[in-house]
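For reference, the structure discussed in these notes is given below.
The values are calculated or read from the model by the stated rules, or taken from the named source; none is laboratory data. The model shown is predicted, which means the values in this text are computed figures rather than measured ones. Heads up, the Cβs are rebuilt from the backbone with ideal geometry, glycines too, and the neighbour counts pull from every protein chain shown. Each accessible area value is taken on the protein alone, full model and side chains, heavy atoms only, with ligands, DNA and RNA left out. Shrake-Rupley method; radii C 1.70, N 1.55, O 1.52, S 1.80 Å.
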Amino acid sequence: MTTRYNYDRADYPLLQAIRMRRGVLSWGLGLTAWALLLGSTLIAEEHDNRLHWVRTGLLTAALPIAALGRLAVEDSVKAGRVLLDYEDVTDAGRQQLLWHETTDEVQPGDAIDEAAPVEMVDAWEYLSQAAQDWRTHLALLSPTDTGKSSFLYLLLGAMSRSRETVVQVVEGKGAAWAGVPEPNVMRINFRPTLENAHTVCYRLHKVLNLIQQRVDQRQWEGPQMVTVIEEYLTFSTGLKKRKGAFEPYGQELEISVEAMAAVARGGGGQLVIISQSPNAENLKFSGGIRANFRFACLGSKLGGFDAVDNMIGNHRFVNERHRDRIEAEYQTARRQLKSHRHPLVLTNLLGEWRCFPLPYLTETQLDALDIASQPVPDELIIDDGWLPGIDEIGSSDPGPGPSQSAAISRPNPATTAIEPDDEEKLNLEAIEGIIFEVLAGADEPMKAHEIKVKRRAFKSVDKDLFARILAGMTRRGELHQTDEENPRYSLPP
């Protein structure tokens with residue numbers, strides 16, 4: 001998975017200085033000895049006792065030789081100590097030292113292999129291994145133009161070809177999602193409607209039921225269920241901020257996502273959340289939920305590197321011990337980008353944080369990417385008219401199942417209405433019957449709270465739950481709604 005880049009230059013600045021000094025001493029020693037010997041020979045030609053002068057020259061040369069030898073020994077001792085200290089330096093520290101040492105020497109035209117101080121991940125091999133081993137949930141956090149789509153297509157495409165996979169998507173940008181069957185894609189408006197909110201929450205509700213069945217069985221067979229939610233923050237926050245019947249759906253979405261993050265992995269379910277926010281803290285997941293996610297942050301010269309910078313600097317995600325190594329990988333990866341759109345990724349998808357450039361793909365290659373997803377099971381698509389979260393209203397009645405949905409009709413107030421003084425908790429059929437009774441006697445459309453205050457029996461029904469029931473009756477055509485933002489209800493004409 002890794003490639004080691006070689007170095008020709010010195011490994012450490014102090015060692016380089018010691019080696020230079022040692023070379024100067026060696027050359028000085030040799031030149032001094034030869035000069036003395038040559039000088040003694042020339043002098044001896046004018047005298048009779050040549051041997052005497054040779055001995056004198058050798059003795060004279062011995063003094064500087066001894067001094068230079070002592071310096072050489074001291075340098076050797078220093079070099080040995082530096083080497084011992086160098087061995088104690090961590091890999092991350094050494095890579096950082098090497099990086100700083102070589103950065104100023106590398107010119108823009110130099111080959112990156114000659115200057116890279118770190119072990120870089122092979123992106124193709126990493127994605128291939130992730131396709132086989134990746135089982136956790138994923139939060140993909142990056143601004144626009146940083147390569148989120150190409151990364152996700154490469155990952156899910158490799159995954160769907162290595163094992164049976166059903167990919168279902170919640171998206172509002174109109175992306176093609178090549179290879180994903182159309183029934184698997186839940187397309188929502190930029191400003192989601194109640195129908196959009198219901199479709200998404202209901203599908204998550206159904207997926208959770210399927211996962212729960214698998215968990216209860218302890219041994220399950222079937223494809224991996226991957227649910228991708230595009231622009232999660234925009235969608236969830238938008239539902240919670242809007243008043244009326246939208247608020248319960250915002251809470252339902254948040255509850256479903258947290259439930260899937262907590263238990264879905266054990267039943268072959270995975271959640272992929274995509275957000276343009278570069279800050280992981282904006283997801284507002286608790287520590288326990290956050291621990292079930294892996295993260296991927298992307299950057300490019302066109303889209304910027306804010307998401308990667310924020311993640312590296314966040315001590316809750318990137319451990320201090322690994323930060324120097326990751327920073328070195330990050331700087332090296334940026335030097336390897338081939339164009340202003342070429343992305344790099346920082347991810348812990350396989351456990352350890354790594355940073356590396358994604359495979360560089362041309363526009364034609366990007367257009368050819370697809371995901372080999374299987375169709376979503378029919379039981380997840382069929383809407384039985386039952387809103388999530390209201391299967392129990394103070395009673396043990398589990399509510400109608402899919403086979404009963406066709407038989408649902410407007411309740412008869414004469415048989416289902418309960419007297420105001422009745423202290424028993426109401427079931428769904430009784431609540432709907434009283435709503436019909438109230439609206440049948442109304443001269444004009446009424447707001448939810450106006451209907452609720454008309455009967456004391458409604459005091460035991462939660463406000464959010466009451467709004468959900470009204471929304472469900474409206475969706476089934478049993479009530480008429482005048483406005484989504486500030487809804488008023490009446491009986492259909």
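Being closer than 13 Å to Val226 by Cα and among the hydrophobic types (A, V, I, L, M, F, W, C): is that true of Val200 here?
For Val200, the condition - closer than 13 Å to Val226 by Cα and among the hydrophobic types (A, V, I, L, M, F, W, C) - is not met.
Report whether or not Asp443 is surrounded by fewer than 17 Cβ atoms within 10 Å (Cβ to Cβ), within 40 Å of the chain's Cα centre (by Cα) and not aromatic (Phe, Trp, Tyr).
Working: surrounded by fewer than 17 Cβ atoms within 10 Å (Cβ to Cβ): yes; within 40 Å of the chain's Cα centre (by Cα): no; not aromatic (Phe, Trp, Tyr): yes.
No.
If only one of Asn292, Asn310, Asn279, Asn314 is touching a strand residue (DSSP E or B) at 6+ places or on another chain (Cβ under 6 Å), under 29 Å from Val257 (Cα atoms) and of a type in the set (S, T, N, Q), which one is it? Steps first, answer last, please.
Working: Asn310 fails: touching a strand residue (DSSP E or B) at 6+ places or on another chain (Cβ under 6 Å); Asn279 fails: touching a strand residue (DSSP E or B) at 6+ places or on another chain (Cβ under 6 Å); Asn314 fails: touching a strand residue (DSSP E or B) at 6+ places or on another chain (Cβ under 6 Å).
Every option except Asn292 fails the conditions.
Search segment 141-169 for residues that are outside any helix (DSSP H, G or I) and open to solvent by 10 Å² or more (accessible area, probe 1.4 Å) and pair each with any residue that is modelled with pLDDT under 90 and hydroxyl-bearing (Ser, Thr, Tyr) when their beta-carbon atoms are under 8 Å apart and the residues are at least 6 apart or on different chains.
The qualifying pairs do not exist here.
Under 7 Å between Cβ atoms, which residue pairs at least 6 apart in sequence (or on different chains) link something in segment 217-246 that is touching a residue at least 40 places away in the same chain (Cβ under 8 Å) with a partner that is in a helix (DSSP H, G or I) and surrounded by fewer than 15 Cβ atoms within 10 Å (Cβ to Cβ)?
Close Cβ pairs satisfying both conditions: Leu233/Asn282.
Only one of (1) under 18 Å from Arg488 (Cβ atoms); (2) assigned to a helix (DSSP H, G or I); (3) at pLDDT below 85 is not met by Ala457, so which one is it?
(1)
If the requirement is being in a helix (DSSP H, G or I) and of a type in the set (Asp, Glu), which of these qualifies: Asp370, Asp309?
Asp309
Looking at segment 328-351, is at least one residue at pLDDT below 90, aromatic (Phe, Trp, Tyr) and either within 23 Å of Asp309 (Cβ to Cβ) or part of a loop (DSSP other than H, G, I, E, B) (or both)?
no
Looking at segment 315-327, I want the residues that are farther than 20 Å from Pro357 by Cα and in contact (Cβ under 8 Å) with a residue 40 or more places away in the chain and have a partner that is among the aliphatic types (A, V, I, L, M) and assigned to a helix (DSSP H, G or I) with Cβ atoms under 9 Å, at least 6 apart or on another chain. Which pairs are those?
Arg321/Ala92
Tell me whether segment 192-207 contains one or more residues that are in contact with a strand residue (DSSP E or B) (Cβ under 7 Å, 6 or more places away or on another chain), surrounded by fewer than 21 Cβ atoms within 10 Å (Cβ to Cβ) and of a type in the set (A, V, I, L, M).
Among the residues of segment 192-207, not one is in contact with a strand residue (DSSP E or B) (Cβ under 7 Å, 6 or more places away or on another chain), surrounded by fewer than 21 Cβ atoms within 10 Å (Cβ to Cβ) and of a type in the set (A, V, I, L, M), which makes the answer no.
Return the only residue of Met225, Met260 being closer than 27 Å to Ala176 by Cα, part of a helix (DSSP H, G or I), modelled with pLDDT of 85 or more and open to solvent by less than 10 Å² (accessible area, probe 1.4 Å).
Working: Met225 fails: part of a helix (DSSP H, G or I).
That would be Met260, the only listed residue that is closer than 27 Å to Ala176 by Cα, part of a helix (DSSP H, G or I), modelled with pLDDT of 85 or more and open to solvent by less than 10 Å² (accessible area, probe 1.4 Å).
When segment 182-197 is examined, which residues are found to be within 14 Å of Val228 (Cα to Cα) and part of a loop (DSSP other than H, G, I, E, B)?
If the condition is that a residue be within 14 Å of Val228 (Cα to Cα) and part of a loop (DSSP other than H, G, I, E, B), then Ile188 is the only one that fits.
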